[in-house]
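Colleague: The structure follows.
Every number in this text was worked out from the coordinates using simple rules, so none of it is lab data. As the structure is a prediction and not an experimental result, all values here were calculated from the model. We place every Cβ from the backbone using ideal geometry, glycine too, and count neighbours over all the protein chains shown.
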Amino acid sequence: MSIPLPGFEDVGPRRGSDGPGSGHGHRLKASAGPEGRVRRELAPGAVHVPGWLSPAEQRELVTACRGWARGPVPIRHTRLPRGGVMSVQTVCIGWHWQPYAYRRTADDVNGARVAEFPDWMVALGRRALVDAYQDTAAGDAYTPDTALINFYDGEAKLGMHQDKEERSSAPVVSLSIGDTCVFRFGNTETRTKPYTDIELVSGDLFVFGGPSRFVYHGVPKVYPGSGDPATGMSAGRLNITMRVTGLS
Ligand SMILES: O=C(O)CCC(=O)C(=O)O
């Protein structure tokens, strides 16, 4: 089955620059440019690590996600209980997230069991924690067992929400590939201000744990055409969030 996702079709690696295109200078920026983009703690437990994934890792992740987007549970726009449909398209591995619970089977899609969460992804999540928190022990106890893989076309947005269906307060590890977006990182009390807008660029890592684990966050904007097709994404943005469900 082909994937009905412009930009997420199998274009394969291309020759080109190793770095993603950088963004738009009208917001609170995480960086001044590729050379000035540095690890930054936005709030206790919330760390942005620009350019964390190598170009090769981004391509490998795009290939893996493309496979998961095909099945066993195809990527889809999630339907919300009140009838809304999310503009973001999502596929899950390990556990299937359906508003507002995790299940092994995708009962709101095709009833199939979701793909296994691979060991290499656990290792990637552990390495992300070590690098974000600059603590070699940080990854030891971290065993993510689910990932939500979101695809944003140029129009897609994600409203302010908390990741709170997990029965664990282990950190969320977020990886971005493709087009740059505005990522809105708020507070634990309300969907509204105060919040900080940063740009997440292809290859960036963002970790939120500890006191920031249940912060409201969202994606109000994607910049179409800002990504580098060398990642394997000819258009759009891919985001992977690894989590620990606390379920067995
Ligand atoms: O796309 C992003 O950067 C955030 C994704 C997210 O918040 C989620 O999947 O819950």
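Colleague: May I ask you to compute the full-extension gain from Tyr100 to Gln162, defined as 0.36 nm times their residue separation minus their alpha-carbon distance, rounded to one decimal in nm?
Modeller: Values: separation 62, 0.36 × 62 = 22.32 nm, distance 1.12 nm.
Contour length minus the Cα-Cα distance gives 21.2 nm.
Colleague: A further question on this structure: With +1 on the Cβ of every Lys and Arg and -1 on the Cβ of every Asp and Glu, and nothing else charged, how large is the dipole of the chain about its Cα centre, in debye rounded to the nearest 20?
Modeller: On the way: 28 positive and 26 negative charges, 112 e Å.
Around 540 debye, computed over the chain.
Colleague: Take Ser248, project a point 7 Å from its Cα along the Cβ direction, then tell me which residues of region 145-177 have their backbone nitrogen under 18 Å from it.
Modeller: 145-146, 166-170, by backbone N distance to the label point.
Colleague: Would you grab the residues whose amide H sits under 5 Å from the one on Lys157? Only those 5+ places off in sequence or on another chain, please, with H modelled 1.01 Å from N.
Modeller: The answer is Ser87, Val88.
Colleague: Kirkwood Rh, Cα Rg: Rg to Rh for region 187-248?
Modeller: On the way: Rg = 14.5 Å, Rh = 14.2 Å.
A ratio of 1.02.
Colleague: Same structure, new question: Tell me whether region 140-248 comes out rounded, prolate or oblate; compute the Cα gyration tensor, take square roots of the eigenvalues as a ≥ b ≥ c, and use a/c under 1.5 as the rounded threshold.
Modeller: On the way: a/c = 2.21, a/b = 1.36, b/c = 1.63.
Because a/c hits 1.5 or more and a/b fails to exceed b/c, region 140-248 counts as oblate.
Colleague: If you don't mind, another one. Can you compute the FRET efficiency between Glu57 and Thr192 using 1/(1 + (r/R0)^6), with r the Cβ-Cβ distance and R0 = 45 Å? Round to the nearest 0.05.
Modeller: Numbers: r = 36 Å, r/R0 = 0.79.
After rounding to 0.05, the efficiency reads 0.80.
Colleague: Using just the alpha carbons, could you tell me how many Å³ per residue the convex hull of region 38-243 encloses?
Modeller: Details: hull volume 23.0 nm³, N = 206.
Looking at region 38-243, the number lands at 112 Å³ per residue.
Colleague: For region 216-230, in order, what is each residue's ³J(HN,Hα) by Karplus, 6.51 cos²θ - 1.76 cosθ + 1.60 with θ = phi - 60°, in whole Hz (x at glycine and Pro)?
Modeller: Working through the residues one at a time gives 5, 8, x, 10, x, 7, 10, 9, x, x, 8, x, 9, x, 4 Hz.
Colleague: With Cβ to Cβ distances under 12 Å as the rule, what net charge do the other residues near Arg126 carry (K, R +1; D, E -1)? Before the final figure, lay out the partial values.
Modeller: Numbers: positive: Arg127; negative: Asp119, Asp131, Asp135, Asp140.
Net of charged neighbours comes to -3.
Colleague: Order of Thr105, Thr146, Thr245, Thr231 from fewest to most other C-beta atoms within 10 Å? Walk me through the intermediate numbers first.
Modeller: Values: Thr105 16, Thr146 22, Thr245 19, Thr231 27.
The most exposed by this proxy come first: Thr105, Thr245, Thr146, Thr231.
Colleague: In a shell of Cβ-Cβ distance under 11 Å around Val91, excluding Val91 itself, what net charge do Lys and Arg (+1) and Asp and Glu (-1) give? Let's see the in-between values first.
Modeller: Details: positive: Arg66, Arg70, Arg76; negative: none.
Neighbour charge sum, excluding Val91 itself: +3.
Colleague: Based on other C-beta atoms within 10 Å, arrange Lys193, Lys157 from fewest to most. Intermediate results must be reported in sequence, preceding the final value.
Modeller: Numbers: Lys193 8, Lys157 15.
Lowest count first: Lys193, Lys157.
Colleague: Could I ask something else about it? So if R0 is 22 Å, what FRET efficiency would Val130 and Arg40 give, r being the distance between their Cβ atoms, rounded to the nearest 0.05? Spell out each step's value before the answer.
Modeller: Numbers: r = 17 Å, r/R0 = 0.77.
Computed FRET efficiency for Val130 and Arg40 comes out at 0.85.
Colleague: Shifting gears a bit: Where does the charge balance sit around Gly246 when Lys and Arg score +1, Asp and Glu -1, over other residues with C-beta under 13 Å from its C-beta? Don't skip to the end; give the middle numbers.
Modeller: Numbers: positive: Lys164, Arg167, Arg213, Arg243; negative: Asp145, Asp163, Glu165, Glu166.
In short, 0.
Colleague: I would also like to ask the following. Can you tell me how much longer the chain between Glu155 and Ala141 gets when fully stretched, taken as 0.36 nm per residue apart minus their C-alpha distance, in nm with one decimal? Before the final figure, lay out the partial values.
Modeller: Details: separation 14, 0.36 × 14 = 5.04 nm, distance 3.76 nm.
Length difference between fully extended and current span is 1.3 nm.
Colleague: Report the gain in length on full extension from Ala112 to Ser87: 0.36 nm times residue separation, minus Cα-Cα distance, nm rounded to one decimal.
Modeller: On the way: separation 25, 0.36 × 25 = 9.00 nm, distance 2.26 nm.
Full extension from Ala112 to Ser87 adds 6.7 nm.
Colleague: Here is a follow-up. Can you tell me the relative contact order of region 102-201? Whole percent, Cα pairs under 8 Å, sequence separation 6 or more. Before the final figure, lay out the partial values.
Modeller: On the way: 78 pairs, mean separation 17.4, N = 100.
Value for region 102-201: 17 percent.
Colleague: Provide the packing ranking of 76-88, 194-206, i.e. peptides ordered by the mean count of other C-beta atoms within 10 Å per residue, highest first.
Modeller: Working: 76-88: 13.0, 194-206: 22.0.
Averaged packing, sorted descending, gives the order 194-206, 76-88.
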